[in-house]
Amino acid sequence: MSQEPPDDAEVQVVSGIVAGSRRYRSVDPAVVRRVASEELPRARNREDAVKRVKRRLHQAVGAYRATGAAGAGGLARDLDRLRTARERDPDARLGDELRAACRDLLARHASTRERLPFLDRLYAGVWDAVGGVPASLLDLGCGLAPLSLPWMGLEASAHYHAIDADIGAIGLVDAFLSIVGQAHAAEVRDLAAPIGPQAAQPADVALLLKLVPILDRQDPSAAQRLVQGLAVRHVVASFPVRSLGGHARGMEATYRRRVEALVSALGPRVRVQTETSVPNELVVVLTLG
Ligand SMILES: C[S@@+](CC[C@H](N)C(=O)[O-])C[C@H]1O[C@@H](n2cnc3c(N)ncnc32)[C@H](O)[C@@H]1O
(Lines give C-alpha, C1' and ligand atoms only; values in the text may rest on other atoms or scores of the structure.)
Protein backbone atom coordinates (compact mmCIF):
# COMPACT_ATOMS: atom_id res chain seq x y z
CA MET A 1 0.00 0.00 0.00
CA SER A 2 1.57 3.28 -1.10
CA GLN A 3 1.57 6.32 1.22
CA GLU A 4 2.88 8.76 -1.44
CA PRO A 5 0.89 12.02 -1.58
CA PRO A 6 -1.80 11.53 -4.21
CA ASP A 7 -1.50 12.99 -7.66
CA ASP A 8 -3.68 16.14 -7.98
CA ALA A 9 -5.07 15.05 -11.34
CA GLU A 10 -6.14 11.68 -9.88
CA VAL A 11 -7.76 13.46 -6.90
CA GLN A 12 -9.76 15.53 -9.41
CA VAL A 13 -10.82 12.45 -11.39
CA VAL A 14 -11.93 10.48 -8.31
CA SER A 15 -13.69 13.56 -6.83
CA GLY A 16 -15.43 14.13 -10.17
CA ILE A 17 -16.71 10.54 -10.33
CA VAL A 18 -17.99 10.68 -6.73
CA ALA A 19 -19.53 14.15 -7.12
CA GLY A 20 -21.27 12.97 -10.29
CA SER A 21 -23.24 10.32 -8.41
CA ARG A 22 -26.78 11.26 -7.34
CA ARG A 23 -26.15 10.52 -3.66
CA TYR A 24 -23.07 12.69 -3.27
CA ARG A 25 -23.60 15.57 -5.69
CA SER A 26 -24.86 17.78 -2.89
CA VAL A 27 -21.81 17.27 -0.64
CA ASP A 28 -19.45 20.28 -0.39
CA PRO A 29 -16.84 19.69 -3.18
CA ALA A 30 -14.09 20.67 -0.68
CA VAL A 31 -15.09 17.69 1.53
CA VAL A 32 -15.14 15.34 -1.47
CA ARG A 33 -11.63 16.48 -2.52
CA ARG A 34 -10.24 16.24 1.02
CA VAL A 35 -11.57 12.70 1.47
CA ALA A 36 -10.38 11.69 -2.03
CA SER A 37 -6.84 12.87 -1.27
CA GLU A 38 -6.89 10.95 2.03
CA GLU A 39 -8.23 7.73 0.50
CA LEU A 40 -6.23 7.59 -2.76
CA PRO A 41 -2.93 6.59 -1.10
CA ARG A 42 -4.77 3.71 0.65
CA ALA A 43 -6.66 2.51 -2.42
CA ARG A 44 -5.67 -0.38 -4.73
CA ASN A 45 -6.92 1.43 -7.83
CA ARG A 46 -9.32 4.17 -8.97
CA GLU A 47 -12.42 2.02 -8.54
CA ASP A 48 -11.40 1.14 -4.98
CA ALA A 49 -10.69 4.84 -4.27
CA VAL A 50 -14.19 5.82 -5.46
CA LYS A 51 -15.75 3.13 -3.21
CA ARG A 52 -13.70 4.26 -0.20
CA VAL A 53 -14.58 7.92 -0.70
CA LYS A 54 -18.29 7.11 -1.02
CA ARG A 55 -18.16 5.00 2.16
CA ARG A 56 -16.53 7.86 4.10
CA LEU A 57 -19.01 10.43 2.74
CA HIS A 58 -21.86 8.13 3.71
CA GLN A 59 -20.58 8.06 7.32
CA ALA A 60 -20.09 11.86 7.40
CA VAL A 61 -23.13 13.17 5.56
CA GLY A 62 -25.18 10.53 3.73
CA ALA A 63 -26.32 8.43 6.68
CA TYR A 64 -28.29 11.33 8.21
CA ARG A 65 -29.60 12.78 4.98
CA ALA A 66 -33.11 13.88 4.38
CA THR A 67 -35.21 11.14 2.87
CA GLY A 68 -38.08 12.06 0.60
CA ALA A 69 -36.50 15.31 -0.69
CA ALA A 70 -35.87 14.46 -4.33
CA GLY A 71 -33.52 17.08 -5.77
CA ALA A 72 -34.63 20.52 -6.91
CA GLY A 73 -38.30 19.45 -7.37
CA GLY A 74 -38.41 18.19 -3.77
CA LEU A 75 -36.87 21.40 -2.47
CA ALA A 76 -39.38 23.52 -4.39
CA ARG A 77 -42.28 21.51 -2.88
CA ASP A 78 -40.85 21.81 0.64
CA LEU A 79 -40.45 25.56 0.24
CA ASP A 80 -43.97 25.93 -1.15
CA ARG A 81 -45.33 24.17 1.91
CA LEU A 82 -43.34 26.39 4.28
CA ARG A 83 -44.35 29.57 2.42
CA THR A 84 -48.03 28.57 2.37
CA ALA A 85 -47.94 27.73 6.08
CA ARG A 86 -46.36 31.11 6.84
CA GLU A 87 -48.90 32.99 4.68
CA ARG A 88 -51.93 31.22 6.18
CA ASP A 89 -50.90 32.36 9.63
CA PRO A 90 -49.65 35.90 8.99
CA ASP A 91 -49.99 37.05 12.61
CA ALA A 92 -47.75 34.36 14.05
CA ARG A 93 -44.20 34.30 12.65
CA LEU A 94 -43.87 30.70 13.79
CA GLY A 95 -47.50 29.56 14.05
CA ASP A 96 -49.07 26.08 14.32
CA GLU A 97 -49.18 25.35 10.61
CA LEU A 98 -45.54 26.27 10.19
CA ARG A 99 -44.65 24.12 13.20
CA ALA A 100 -46.41 21.14 11.59
CA ALA A 101 -44.48 21.69 8.33
CA CYS A 102 -41.17 21.99 10.22
CA ARG A 103 -41.90 18.86 12.23
CA ASP A 104 -42.42 16.85 9.01
CA LEU A 105 -39.15 18.14 7.56
CA LEU A 106 -37.23 17.51 10.80
CA ALA A 107 -38.45 13.91 10.68
CA ARG A 108 -36.54 13.46 7.40
CA HIS A 109 -33.10 13.86 8.98
CA ALA A 110 -32.21 10.94 11.25
CA SER A 111 -30.54 13.24 13.72
CA THR A 112 -33.44 15.64 14.24
CA ARG A 113 -36.07 12.89 13.97
CA GLU A 114 -34.89 11.20 17.19
CA ARG A 115 -34.97 14.57 18.98
CA LEU A 116 -38.54 15.52 17.98
CA PRO A 117 -40.27 14.59 21.27
CA PHE A 118 -37.78 16.66 23.29
CA LEU A 119 -37.29 19.74 21.10
CA ASP A 120 -38.51 22.46 23.46
CA ARG A 121 -36.89 20.77 26.48
CA LEU A 122 -33.55 20.61 24.71
CA TYR A 123 -33.34 24.28 23.72
CA ALA A 124 -34.92 25.56 26.98
CA GLY A 125 -32.33 23.58 28.98
CA VAL A 126 -29.48 24.93 26.88
CA TRP A 127 -30.61 28.57 27.13
CA ASP A 128 -30.97 28.12 30.92
CA ALA A 129 -27.40 26.86 31.10
CA VAL A 130 -26.03 29.83 29.11
CA GLY A 131 -27.95 32.42 31.13
CA GLY A 132 -30.73 33.24 28.65
CA VAL A 133 -31.87 33.07 25.03
CA PRO A 134 -28.90 34.12 22.85
CA ALA A 135 -28.83 37.16 20.56
CA SER A 136 -26.54 35.33 18.12
CA LEU A 137 -26.05 31.66 17.39
CA LEU A 138 -23.56 29.61 15.39
CA ASP A 139 -24.99 26.20 14.41
CA LEU A 140 -22.07 24.04 13.23
CA GLY A 141 -22.89 20.89 11.24
CA CYS A 142 -26.50 22.04 11.55
CA GLY A 143 -28.18 19.53 9.21
CA LEU A 144 -31.88 20.46 9.33
CA ALA A 145 -31.79 21.51 13.02
CA PRO A 146 -32.46 25.22 12.23
CA LEU A 147 -35.98 24.12 11.28
CA SER A 148 -36.42 23.68 15.05
CA LEU A 149 -36.66 27.47 15.23
CA PRO A 150 -40.36 27.41 16.29
CA TRP A 151 -39.27 25.59 19.48
CA MET A 152 -36.17 27.70 20.16
CA GLY A 153 -37.74 30.95 21.33
CA LEU A 154 -35.17 33.18 19.54
CA GLU A 155 -36.00 36.80 18.67
CA ALA A 156 -36.33 37.41 14.90
CA SER A 157 -33.37 39.79 15.22
CA ALA A 158 -31.11 37.08 16.73
CA HIS A 159 -28.46 36.27 14.12
CA TYR A 160 -28.53 32.56 13.18
CA HIS A 161 -25.37 31.40 11.35
CA ALA A 162 -25.91 27.87 10.00
CA ILE A 163 -23.01 25.87 8.55
CA ASP A 164 -22.93 22.36 7.05
CA ALA A 165 -21.20 20.39 4.29
CA ASP A 166 -24.56 19.29 2.88
CA ILE A 167 -25.49 21.77 0.13
CA GLY A 168 -29.10 20.50 0.02
CA ALA A 169 -29.65 20.94 3.78
CA ILE A 170 -28.09 24.42 3.70
CA GLY A 171 -30.29 25.42 0.73
CA LEU A 172 -33.45 24.40 2.61
CA VAL A 173 -32.30 26.04 5.87
CA ASP A 174 -31.36 29.30 4.10
CA ALA A 175 -34.74 29.54 2.36
CA PHE A 176 -36.63 28.62 5.56
CA LEU A 177 -34.86 31.29 7.64
CA SER A 178 -35.67 33.87 4.91
CA ILE A 179 -39.35 32.81 4.81
CA VAL A 180 -39.73 33.32 8.57
CA GLY A 181 -37.76 36.59 8.55
CA GLN A 182 -34.91 35.38 10.81
CA ALA A 183 -31.64 37.36 10.64
CA HIS A 184 -29.22 34.75 9.34
CA ALA A 185 -26.34 33.47 7.20
CA ALA A 186 -26.27 29.94 5.76
CA GLU A 187 -22.94 28.60 4.61
CA VAL A 188 -21.56 25.43 3.02
CA ARG A 189 -18.19 24.71 4.62
CA ASP A 190 -15.85 21.84 5.44
CA LEU A 191 -15.58 22.02 9.23
CA ALA A 192 -12.91 19.29 9.31
CA ALA A 193 -10.58 21.10 6.90
CA PRO A 194 -7.06 21.12 8.36
CA ILE A 195 -6.46 24.63 7.05
CA GLY A 196 -8.66 27.41 5.79
CA PRO A 197 -11.10 29.89 7.28
CA GLN A 198 -12.20 29.08 10.81
CA ALA A 199 -15.68 29.73 12.17
CA ALA A 200 -14.37 32.87 13.84
CA GLN A 201 -17.45 35.05 13.46
CA PRO A 202 -18.31 36.07 17.04
CA ALA A 203 -21.55 34.70 18.50
CA ASP A 204 -23.02 34.19 21.97
CA VAL A 205 -23.38 30.43 21.56
CA ALA A 206 -21.98 27.77 19.21
CA LEU A 207 -24.00 24.57 18.81
CA LEU A 208 -22.11 21.41 17.86
CA LEU A 209 -25.10 19.11 18.08
CA LYS A 210 -24.06 15.50 17.42
CA LEU A 211 -21.12 16.83 15.41
CA VAL A 212 -18.03 15.82 17.43
CA PRO A 213 -18.32 12.04 16.72
CA ILE A 214 -18.79 12.79 13.00
CA LEU A 215 -15.71 15.04 12.90
CA ASP A 216 -13.69 12.50 14.94
CA ARG A 217 -14.19 9.94 12.17
CA GLN A 218 -12.85 12.43 9.62
CA ASP A 219 -9.92 13.77 11.64
CA PRO A 220 -9.40 13.15 15.38
CA SER A 221 -8.03 16.68 15.87
CA ALA A 222 -10.80 18.49 13.94
CA ALA A 223 -13.23 19.09 16.85
CA GLN A 224 -10.58 20.58 19.13
CA ARG A 225 -9.23 22.76 16.29
CA LEU A 226 -12.75 23.93 15.47
CA VAL A 227 -13.62 24.85 19.07
CA GLN A 228 -10.27 26.60 19.56
CA GLY A 229 -11.01 28.78 16.53
CA LEU A 230 -14.42 29.92 17.85
CA ALA A 231 -15.09 33.43 19.13
CA VAL A 232 -18.01 32.46 21.36
CA ARG A 233 -18.81 32.44 25.06
CA HIS A 234 -20.59 29.08 25.18
CA VAL A 235 -20.10 25.85 23.27
CA VAL A 236 -22.91 23.29 23.33
CA ALA A 237 -21.78 19.82 22.25
CA SER A 238 -24.19 16.91 22.09
CA PHE A 239 -23.78 13.19 21.49
CA PRO A 240 -26.30 10.49 20.54
CA VAL A 241 -26.71 7.85 23.23
CA ARG A 242 -28.16 5.38 20.74
CA SER A 243 -26.91 4.40 17.29
CA LEU A 244 -29.00 5.07 14.17
CA GLY A 245 -30.16 1.46 14.50
CA GLY A 246 -31.43 2.10 18.06
CA HIS A 247 -28.71 0.25 20.01
CA ALA A 248 -27.09 1.83 23.08
CA ARG A 249 -23.83 -0.23 22.99
CA GLY A 250 -22.13 1.76 25.78
CA MET A 251 -22.28 4.94 23.71
CA GLU A 252 -23.01 7.20 26.66
CA ALA A 253 -19.91 6.08 28.58
CA THR A 254 -17.78 6.39 25.42
CA TYR A 255 -18.99 9.93 24.74
CA ARG A 256 -18.60 11.00 28.37
CA ARG A 257 -14.94 10.03 28.01
CA ARG A 258 -14.79 11.97 24.74
CA VAL A 259 -16.14 15.09 26.51
CA GLU A 260 -13.49 14.71 29.25
CA ALA A 261 -10.75 14.45 26.61
CA LEU A 262 -12.04 17.51 24.73
CA VAL A 263 -12.34 19.56 27.93
CA SER A 264 -8.86 18.57 29.03
CA ALA A 265 -7.44 19.42 25.57
CA LEU A 266 -9.11 22.84 25.72
CA GLY A 267 -7.38 23.45 29.05
CA PRO A 268 -8.12 26.39 31.37
CA ARG A 269 -10.18 28.13 28.67
CA VAL A 270 -13.16 26.01 29.82
CA ARG A 271 -14.44 27.70 32.98
CA VAL A 272 -17.73 25.89 33.59
CA GLN A 273 -19.11 22.59 32.37
CA THR A 274 -22.85 21.91 32.72
CA GLU A 275 -25.00 19.03 31.51
CA THR A 276 -28.48 19.57 30.02
CA SER A 277 -29.14 16.13 28.53
CA VAL A 278 -32.48 14.93 27.18
CA PRO A 279 -33.45 11.29 26.56
CA ASN A 280 -31.45 10.00 23.53
CA GLU A 281 -28.91 12.81 23.71
CA LEU A 282 -26.05 13.71 26.04
CA VAL A 283 -25.82 17.53 26.00
CA VAL A 284 -22.86 19.36 27.51
CA VAL A 285 -22.48 23.14 27.77
CA LEU A 286 -18.97 24.57 28.08
CA THR A 287 -18.50 28.18 29.17
CA LEU A 288 -15.25 29.57 27.82
CA GLY A 289 -13.08 32.14 29.57
C1 LIG B 1 -25.29 13.80 13.05
S2 LIG B 1 -25.65 15.10 11.96
C3 LIG B 1 -26.09 16.39 13.12
C4 LIG B 1 -26.98 17.43 12.52
C5 LIG B 1 -27.50 18.49 13.51
N6 LIG B 1 -26.43 19.18 14.19
C7 LIG B 1 -28.42 17.86 14.51
O8 LIG B 1 -28.05 17.69 15.66
O9 LIG B 1 -29.52 17.51 14.12
C10 LIG B 1 -24.03 15.61 11.44
C11 LIG B 1 -24.04 16.77 10.45
O12 LIG B 1 -22.67 17.15 10.20
C13 LIG B 1 -22.52 17.45 8.83
N14 LIG B 1 -21.09 17.26 8.49
C15 LIG B 1 -20.40 16.10 8.45
N16 LIG B 1 -19.11 16.34 8.12
C17 LIG B 1 -18.99 17.68 7.96
C18 LIG B 1 -17.89 18.53 7.62
N19 LIG B 1 -16.69 18.04 7.38
N20 LIG B 1 -18.13 19.86 7.54
C21 LIG B 1 -19.36 20.37 7.76
N22 LIG B 1 -20.44 19.61 8.11
C23 LIG B 1 -20.26 18.28 8.20
C24 LIG B 1 -23.47 16.46 8.13
O25 LIG B 1 -23.82 16.91 6.84
C26 LIG B 1 -24.65 16.42 9.10
O27 LIG B 1 -25.62 17.39 8.77
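The values are calculated or read from the model by the stated rules, or taken from the named source; none is laboratory data. Computed from a predicted structure; not experimentally measured. Because the Cβ atoms are built from the backbone with ideal geometry, glycine has one as well, and the counts that use them run over all protein chains shown.
Among (1) farther than 27 Å from residue 102 by Cα; (2) within 16 Å of the ligand (Cβ to nearest atom), there is one condition residue 272 misses while meeting the rest; what is its number?
(2)
Counting only residues that are of a type outside the set (S, T, N, Q) and within 11 Å of the ligand (Cβ to nearest atom), which one in the stretch 224-248 is farthest from residue 191 (Cα to Cα)?
Here the answer is 244.
What's the number of the only condition in (1) within 27 Å of residue 212 (Cβ to Cβ); (2) at pLDDT below 90; (3) more than 20 Å from the chain's Cα centre (by Cα) that residue 69 fails to meet?
The single condition residue 69 does not satisfy is (3).
Given the residues 61, 32, 27, which is the only one that is surrounded by 15 or more Cβ atoms within 10 Å (Cβ to Cβ) and free of Cβ contacts under 8 Å to residues at least 40 places away in the same chain?
On the way: 61 fails: free of Cβ contacts under 8 Å to residues at least 40 places away in the same chain; 27 fails: free of Cβ contacts under 8 Å to residues at least 40 places away in the same chain.
Of the residues listed, the single one that is surrounded by 15 or more Cβ atoms within 10 Å (Cβ to Cβ) and free of Cβ contacts under 8 Å to residues at least 40 places away in the same chain is 32.
Which one is surrounded by the most Cβ atoms within 10 Å (Cβ to Cβ), of the residues in the stretch 268-287 that are modelled with pLDDT under 95 and more than 19 Å from the chain's Cα centre (by Cα)?
270
So if I check each of 108, 93, 115, which one is in contact with a Gly (Cβ under 7 Å, 6 or more places away or on another chain) and surrounded by 20 or more Cβ atoms within 10 Å (Cβ to Cβ)? Lay out the reasoning, then the answer.
Details: 93 fails: surrounded by 20 or more Cβ atoms within 10 Å (Cβ to Cβ); 115 fails: in contact with a Gly (Cβ under 7 Å, 6 or more places away or on another chain).
The conditions single out 108.
Restricting to the stretch 12-24, count the residues that are buried (at least 21 other Cβ atoms within 10 Å of the Cβ) and over 15 Å from residue 62 (Cβ atoms).
Number satisfying all stated conditions: 2.
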